[in-house]
Amino acid sequence: MSRIALWAVAGAVLGFLLLPLVIIVPTSFSASAYMEFPPRGFSLQWYRNYFTSRAWIEPTLLSIRVAVVTMILSTVVGTLAAFGLVRGRFRGRRVLEFFLLSPMIVPVIVFAIGCYFLFARVKLIDTPAALYLSHSIVATPLVVIIVGSALRTFDRTVEQAARSLGAGYARALWHVTIPLLRPAILSAAAFAFLTSFDEVVLSVFLGGPAATTLPKRMWDNVRHEIDPTITAVASILIAASIVVLATGEVLRRAAERSRTPAS
């Protein structure tokens, strides 16, 4: 009975989380000139409006570029930090770990205000560079947690065996340890990409006419006008998130299968 109740509660929570999708996706195919649910007719007009409008496409391309740069920066920095925190034995390690994870603890609006005053001093406001740096800081803790968890359960005897056969530390790390950690690194990279691509608060504070991301464009659209094109954009974002997560999962499983014979 308790198992049935657990499944019922889980189903109710999942249904509550998916309810907005049930409304947004059908509305994006509405033939009306305004948003309505349920739609009286179906049309691709709002998708056509999105793909033919520079006001939507340019922020989308900027968001993709920022997300890719953020993914690369945060994955590299977060992976190196995870190695230092898990394998390092130095004073202040816990303090450093708290510092690296603090962007997840500090409210994002507080962090955005701090970034605004800092970047304003160096004249980076309304530039992609401000978005690269701020998004990377927010995404790095996710990489540290995911890669760090994998490192804590990593069997170091494989790496030690490689070193006993003559490989140096760097060679063993690159050819043995990193390939075995590839599933965790790929998952961390996927989450870093989505974290940047969906970030709106930092984009509102640090972006501007020359650095408007897709989430900021959507925010401005909701504030200043009710354009049904936003429903098509939201549906595309939902599909893109599913594709990124599914691709990361496929690559993760492929990496796990490729390392099975060696283990």
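The values are calculated or read from the model by the stated rules, or taken from the named source; none is laboratory data. Keep in mind it's a predicted model, so treat the numbers as computed, not measured. For neighbour counting, all protein chains shown are included, and Cβ atoms are generated from backbone atoms with ideal geometry for every residue, glycine included. The accessibility values were calculated without ligands, DNA or RNA, using every heavy atom of the protein model including side chains. Shrake-Rupley method; radii C 1.70, N 1.55, O 1.52, S 1.80 Å.
Quick notes
- The listed residue being free of Cβ contacts under 8 Å to residues at least 40 places away in the same chain and closer than 29 Å to Ser203 by Cβ, out of Phe98, Phe119: Phe98
- Residues in the range 23-52 that are within 16 Å of Val222 (Cα to Cα), open to solvent by less than 50 Å² (accessible area, probe 1.4 Å), of a type outside the set (Asp, Glu) and not in a helix (DSSP H, G or I): Ser28 only.
- So Ala234, is it open to solvent by less than 50 Å² (accessible area, probe 1.4 Å) and without any contact (Cβ under 8 Å) to a residue 12 or more places away in the chain: no
- Filter result for Ala82 (farther than 30 Å from Thr212 by Cβ, in contact (Cβ under 8 Å) with a residue 40 or more places away in the chain, in contact with a Leu (Cβ under 8 Å, 6 or more places away or on another chain) and surrounded by 13 or more Cβ atoms within 10 Å (Cβ to Cβ)): yes
- Any chance Ala81 is modelled with pLDDT of 85 or more, farther than 27 Å from Leu62 by Cα, in a helix (DSSP H, G or I) and not β-branched (Val, Ile, Thr): yes
- Entry remark, the range 53-71: residues being of a type in the set (A, V, I, L, M, F, W, C) and surrounded by fewer than 17 Cβ atoms within 10 Å (Cβ to Cβ) number 5 in total.
- Qualifying positions in the range 187-201 - within 8 Å of the chain's Cα centre (by Cα) and under 12 Å from Leu131 (Cβ atoms): Ser196, Phe197
- Wholly within the range 100-200, helices (runs of 4 or more DSSP H) carrying at least 1 residues that are at pLDDT below 80 and open to solvent by 40 Å² or more (accessible area, probe 1.4 Å): 156-164, 169-172, 178-197
- Taken over the range 205-227, the residue count meeting the criterion of being in contact (Cβ under 8 Å) with a residue 60 or more places away in the chain and surrounded by fewer than 19 Cβ atoms within 10 Å (Cβ to Cβ) is 4.
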